[in-house]
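Below: the structure, in structure tokens.
Derivation of every value follows stated rules applied to the coordinates shown; laboratory data play no part. Since the structure is predicted, the reported quantities are computational estimates derived from the model, not experimental observations. Positions of Cβ are generated from backbone atoms using ideal geometry, with glycine treated the same way; all protein chains shown enter the neighbour counts.
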Amino acid sequence: MTATPTSTQSTSPHGETDDSDASAALNALFDHAASQLDAGAFDQSALVALRQASLAAVGRPMRQRLLYLHATEPIIGAGLIASTIHEPRPGGCGQLDPEAPDLPYQCVHDAVADGWQVIQFPLQQLMDQRPGAGRVTALGYEFILQKMEPVCDD
């Protein structure tokens, strides 16, 4: 995943955004994206990063969504056992249900391709470290992912 430059934005003493700073920041973000595109390095994750940085540059508040995925192996291509999502709103904490019939993704890699970012990989201390054991001592290998999205005014 490629990094998108971030910027700061000034505000007036009354909390209003300085439009010239926001315009300069947005121009810099899109110039960076254009150079990534020219180099063949602009992909889905770069688009997500550009969107997030663009919204941040114009002062739009962001919220963090959390997705817990439990996989059969500690690799991002392994199949999933269970998942839960935590939304940043009252009552938005999901429950882990290993018997849920439908999972949002087939593997962690699919979630990453959909714009989620891995913020924690499976903890090594939960894995059975004995030679030849090859099994986990918890409900699958837990990956924690986040997605930053703009707060909606609805």
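Return the FRET efficiency for the residue pair Ile76, Asn27: r is the Cβ-Cβ distance, R0 is 41 Å, and the value is rounded to the nearest 0.05. About 0.75, to the nearest 0.05.
In plain terms, the chain from Asp97 to Thr84 could stretch by 3.9 nm, reckoned as 0.36 nm per residue minus the Cα-Cα distance. Taken along the Cα-to-beta-carbon direction at a fixed 7 Å, the label points for Gln64 and Gln106 span 3.1 nm. Full extension of the chain between Ile119 and Gln44 yields a length gain of 25.2 nm, computed as 0.36 nm times the residue separation minus the alpha carbon distance.
Leu67 sits among other residues whose Cβ lies under 13 Å from its own Cβ, and their net charge, with Lys and Arg +1 and Asp and Glu -1, is -3.
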